[in-house]
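All remarks here apply to the structure that follows.
Values quoted throughout were computed directly from the atomic coordinates according to the rules given, and no laboratory measurement underlies them. Only a predicted model underlies this, so the values are computations on that prediction, with no experimental measurement involved. Here the Cβ is made from the backbone with ideal geometry for all residues, glycine too, and neighbour counts use every protein chain on show.
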Amino acid sequence: MPQTCSLPTPSKVVDPQSDRISNSEQVPYQLQPQSGLVAPVGGLPEDGVVAQQIVTVFNGCFAGEDGLNTRLKGGFSEPYYRPAEQGGASFHQVEFTRDYPASALHEVAHWCVAGSERRQLPDYGYWYAPDGRSAEQQSLFEQVEIKPQALEWIFARACGLPFRVSADNLDAGLGPSVSFKRNIWLQVQRYCDQGVNMRVAQFAQALASAFGQANPLRADLYRLEALG
């Protein structure tokens, strides 16, 4: 497993200004993945080993002080983003639930969506609406979760893992809507056709290299039917 990752080719990256995402595009929710949400396929090791591989790739790309000085770490009961200023740490930390690969990839997706100012705030400066949301709250959740779940799908593909859309609202009995699934698929198509920001491209390509997968930024790899 390489400890560093190279920069992606320019053709895979959109204009650097795309990293400056407006507040309306930021994500005020974070998923609480369930055990087994994403299961290893193709003979991959157990979840803990896969999660550690993901951590190694992320830290190889972004942990350097001369870069974004951000580390990925699992083993927590809840996901959280902890900027360097919080708790006196010398680095920023993306925290994911226990040893779940799905949680690791999803929290990195949130980090990739967050703009530079948001990454200076605890949990990107947002609140979390817990399980049991109303239909109206769930509709808002789906709107803001399109981009992070689209990125999670790309990252899962880069790892050779399946992806499952999450409504994260079991108590209310509301699963992901048909339109939510379609919008995630359409967003993946746009990312593949129009490009992604540097962080996304760098991490996706590094994951694909580490897990022996093809370039995940190909629109033909993603089918709407695969989302159920």
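Quick rundown of the values:
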| quantity | calculated |
| --- | --- |
| Ranked list, fewest to most other Cβ atoms within 10 Å of each Cβ, for Ser103, Ser209 | Ser209, Ser103 |
| Amide H contacts under 5 Å for Ala114, placed H, 5+ residues apart | none |
| Sequence of Arg118, Arg223, Arg190 once ranked by neighbouring C-beta atoms within 10 Å, starting from the fewest | Arg223, Arg190, Arg118 |
| Which of Thr70, Thr56 has the fewest Cβ neighbours within 10 Å, and the rest in rising order | Thr56, Thr70 |
